[in-house]
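Here is the structure we will look at, set down as structure tokens.
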Amino acid sequence: MGDIANSDPDSGNCLVKMFFEKNAELPDSSLKKMARVLRDVVRIGDKSFKLPAIVYRNQGFYQSRFMSKQELESVIRCLDEKFQALALLMANTGLRLSNAVNLTWHDLRLNKNQIEVKQSKTNKFVKIPFSQTVADVFKLKARVRSLSDPRLFLFSGYSFQRAWKKAVDRSGLDWKPRPHDLRHFFCSYLLNKGVDHMQVATLSGHKDVNILKERYAHFTDETLQQAISVLDG
């Protein structure tokens with residue numbers, strides 16, 4: 001640490017820029033977390049250290065492609081069985097991986113068909129109603145429920161990410177959806193089915209409807225054709 005802190009500042013800044021350029025394909029939220037950690041670590045040895053300007057390309061937020069239902073089913077079929085339930089849960093609730101994998105039985109309101117959870121990004125509690133597909137997932141998990149551990153999923157988010165990547169490779173898709181694309185699927189699928197933007201924003205925990213429209217309002221050719229067919233009436 002001392003060598004880094006006492007080295008040439010220009011050289012250090014160059015290394016930082018090179019690191020973020022190399023990892024520019026990651027979502028800007030991940031890169032910003034890395035930047036904060038890097039800054040805090042280096043400041044242990046050099047209180048005056050300042051991060052150089054970093055350009056976040058933000059590729060993850062404004063993508064133009066979302067999983068179709070057929071693509072989702074194809075990847076899930078290629079997942080190891082123990083990970084399939086989590087993928088189905090995320091695709092049918094819009095929960096982020098960190099929220100979904102850490103769900104406990106205490107977070108479920110089974111008599112109301114609701115999940116009550118604190119969003120990892122906003123730290124606000126949201127109530128998410130769930131479909132019959134999710135209810136079936138919970139019934140399946142209840143059969144192997146641990147009496148000593150309240151968690152629904154007894155594996156880490158990192159384990160799921162690795163399994164998801166392998167499943168995507170085996171599925172033969174011509175692109176590489178990430179676990180976070182399960183949340184994107186949830187939002188875009190509901191919008192394509194005509195669910196109101198405000199309702200989708202509420203279900204997914206988005207505070208700004210305009211951001212929801214920018215990120216997820218990717219309408220299929222079929223949806224647009226149905227919309228224009230109104231004129232024929």
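So here's what we get for this one:
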| quantity | calculated |
| --- | --- |
| Calculated from backbone phi, Karplus (6.51, -1.76, 1.60) coupling profile of segment 79-88 in Hz, x at Gly/Pro | 7, 4, 4, 5, 9, 4, 4, 5, 4, 5 |
| In order through segment 151-159: 3J(HN,Hα) via Karplus (6.51 cos²θ - 1.76 cosθ + 1.60), integer Hz, x for Gly, Pro | 6, 7, 10, 9, 8, 8, x, 5, 4 |
| Members of Lys82/Lys165; Lys82/Lys176; Lys82/Lys139; Lys82/Lys166; Lys69/Lys193; Lys32/Lys176 lying beyond 18 Å, as alpha-carbon distances in this model show | Lys82/Lys176; Lys32/Lys176 |
| Inter-probe distance in nm under a simple model that places probes 7 Å from Cα toward Cβ, at Ser48 and Ser146 | 5.1 |
| Inter-label distance, nm, simple model (7 Å from Cα along the C-beta direction), Lys33/Arg109 | 2.8 |
| Share of carbon and sulfur in the accessible heavy-atom surface of segment 95-212 [1.4 Å probe, %] | 52 |
| Net charge contributed by nearby residues that have their C-beta within less than 13 Å of Lys127 (K/R +1, D/E -1) | +2 |
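The values are calculated or read from the model by the stated rules, or taken from the named source; none is laboratory data. Keep in mind the model is a prediction, meaning the values are calculated, not measured. Here the Cβ is made from the backbone with ideal geometry for all residues, glycine too, and neighbour counts use every protein chain on show. SASA here: full protein model, heavy atoms, side chains in, ligands and nucleic acids out. Shrake-Rupley method; radii C 1.70, N 1.55, O 1.52, S 1.80 Å.
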